[in-house]
1. To make sure I understand the rule: partners must be lysines, Cα under 18 Å from the Cα of B:LYS121, and not fewer than 8 residues away in the same chain. Which ones qualify?
2. Mind listing the phi-derived Karplus ³J(HN,Hα) values for the stretch B:225-231, rounded to whole Hz, using 6.51, -1.76 and 1.60 with θ = phi - 60°, and x for any glycine or proline?
3. Mind checking the stretch B:282-372 for trypsin sites (Lys or Arg not before Pro) that DSSP puts in a loop (not H, G, I, E or B) and that have at most 16 other Cβ atoms within 10 Å?
4. Using every Cα-Cα pair within the stretch A:24-102, state what percent have a distance larger than 15 Å.
5. Between 0 and 90 degrees, rounded to the nearest ten: what's the tilt of helix A:123-136 against the longest Cα principal axis of chain A?
6. Report P(r) for chain A: all Cα-Cα distances, bin width 10 Å, range 0 to the bin holding the largest distance, values in whole percent.
7. Can you tell me the 0 to 90 degree angle between the C-alpha axis of helix A:308-322 and the longest principal axis of chain A, rounded to 10?
8. Can you give the average number of partner chain beta-carbon atoms within 10 Å of each beta-carbon in peptide A:214-225, as a whole number?
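Just so you know, all these numbers are worked out from the coordinates, no wet-lab data involved. What you see is a predicted model, and the numbers here were worked out from it, not measured in a lab. Heads up, the Cβs are rebuilt from the backbone with ideal geometry, glycines too, and the neighbour counts pull from every protein chain shown.
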There are 2 protein chains.
Amino acid sequence: MTFAPLSNDTFLRACRRQATDYTPLWLMRQAGRYLPEYKATRAQAGSFMGLATNVDYATEVTLQPLERFPLDAAILFSDILTVPDAMGLGLSFAEGEGPRFAKAVRDEAAVAALAVPDLDKLRYVFDAVTSIRKALNGRVPLIGFSGSPWTLACYMVEGKGSDDYRLVKTLMYSRPDLMHRILAVNADAVAAYLNAQIDAGAQAVMIFDSWGGVLADGCFQEFSLAYTQRVLAQLKRTGADGQDVPRIVFTKGGGIWLDDMKAIDCEVLGLDWTANLGKARAIVGGRAGGPGKALQGNIDPNVLFAPPAQIVTQVHAVLDSFGTPHTDKSTTGPTHIFNLGHGISQFTPPEHVAALVEAVHSHSRALRAKAA
Amino acid sequence: MTFAPLSNDTFLRACRRQATDYTPLWLMRQAGRYLPEYKATRAQAGSFMGLATNVDYATEVTLQPLERFPLDAAILFSDILTVPDAMGLGLSFAEGEGPRFAKAVRDEAAVAALAVPDLDKLRYVFDAVTSIRKALNGRVPLIGFSGSPWTLACYMVEGKGSDDYRLVKTLMYSRPDLMHRILAVNADAVAAYLNAQIDAGAQAVMIFDSWGGVLADGCFQEFSLAYTQRVLAQLKRTGADGQDVPRIVFTKGGGIWLDDMKAIDCEVLGLDWTANLGKARAIVGGRAGGPGKALQGNIDPNVLFAPPAQIVTQVHAVLDSFGTPHTDKSTTGPTHIFNLGHGISQFTPPEHVAALVEAVHSHSRALRAKAA
């Protein structure tokens, strides 16, 4: 496949720990319900899955936030639960209730029946990736994504969202053998899924370990991180256009395990707002000319409910906590990709997002100017 | 007041970093809905507040778990929201819905109206403390408790539980001056409340910062930890019987901030299951003969849904992660108080709790024997 050359590669450069003129940013769930134009398209589509499975709609909503804000990356519009849906568990979204599976995976027979799904069932996702990449026409890079093996397992066992993870943890503590089998299948499925997104045109991929942070120390390493690593080890390193494809891992609540995450084979670590970016940089960011990982994050999405002046103050605090990224274009070094620490709230005023984007770009330029 | 001498002071010794023959344990929410005898008393009382405000009922349910299990401490049966209730916010518990305030604190006028409540409105709590202490008759020590200033503020602003803390964080980011005023009043109220519990007979006190972990780095230190410290600085150091009163601080999700919590003026830090006790011990536990804090925690309450054999394995893992506590009775050193990392689930089988208690006591004795 051939695609238009990138006119803004700031995000990819930062993923690769290359110096950039400013700190690139994008926002988790940037295409979503806080945008009136998203709601309009969603109403046309009739349902969430109607939106996600239609290539034209998925392309349209993915590009919507870029029309409003000078963001530095686009992310595929989809859901993390498409993979278990393709495994035959029957995903649906009841209005105002969140996702639900018709079949939960809770006993030995259900676990034995799991297998890596036929990727043809996920063709709509790969078609959307190619369509979005073409529609972007080189404006900014396109990020593909998947849920982590553990996060998918949470939904597969619970059958829906949970506030105590009782069922999935009961299975994990009672029958670790069954949990390992679920996670192995999930890991191989996620790897195949992300590789197909890469073949379809994704320029970076992100693994969302949204529920890794609910695990106990020891269990996180054994049941989440090990399977994220199993995915990473199988990922293609080169995209449809011959460029390298950076891999981002985001574990909500994972800041306490940075020493462990330092060792995994990915280019970027995403952090939520509880982490201090300066301390995280000291642990995983590396030095100019040496190895390390780029960091992505981590402002509290609730900051966006404050007036613009307070948003600017908080943006400065996050950028300052990372400190000035390295600026030597002849080598690699510590870099930062600005993002929220979690998905944007549906109640966010869009004009507050504009204030945030402007503050990130202008203050990060000022930081570099001061350091020069 | 005079009370019977303690026949089991293992918990208090561990709080003071004194050597003990085994690792003491108690369980957060050990008096509660997983016990059929609790449900029976609760049914008699008619409502949760009917139970909590009646001295005889509160005494009865506090002692119930001790009749079943050889636990090493009792904790006052009450609720963390009694203080804002006494401030006039109108606490109620709708069946199956959790706590709710009739008046939420969301604007300048509501914040200005807040004041440290008349402690006479909380007389039922202090009477319960004295009644329980007498009923314990020296069997084990009695722990008093309160919510932290920040955790109380979450409920006061949201008006009820929340899954995104949008309202309280909007106030915090938009009007930090108002949030500081709420927190200052809360801190002084909590200090007076805990001091009255100490006067009534509490032998240790615990501050539950249940929602500190939802704050961003920087905000946690400014809006939660600073006000916990403001409480600690005002607490009486000596109880009704002339003994010192250890102070425990538990921040759910606070393991990432141990370097900050190290500095606060308390004897014990509680940890949830995401923390590694060995690493926490290295940061705050100190050495034999030197300063430090005792650690309390931190098994995942969901472990209790596994069969007893798996519970024993997980108990060993938690005790082993702390390592052998110091054993020299002539000095202080690193100690561990076993607990859950959060409150026990209402769905827990009581016989599984018995297996956990037995495993903690026997394996912690074995660890000491091996080290000797």
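1. B:LYS103
2. Each residue of the stretch B:225-231 in turn: 4, 4, 7, 4, 5, 4, 5 Hz.
3. Numbers: sites: B:ARG287, B:LYS293, B:LYS329, B:ARG365, B:ARG368, B:LYS370; in loops: B:ARG287, B:LYS293, B:LYS329.
When the trypsin sites (Lys or Arg not before Pro) of the stretch B:282-372 are filtered for loop state and at most 16 Cβ neighbours within 10 Å, B:ARG287, B:LYS329 remain.
4. 58 percent
5. 10 degrees
6. The distribution over chain A is 5, 25, 35, 26, 8, 1, 0, given as percents.
7. So the helix axis and the longest Cα principal axis differ by about 90 degrees.
8. What the average comes to for A:214-225 is 5.
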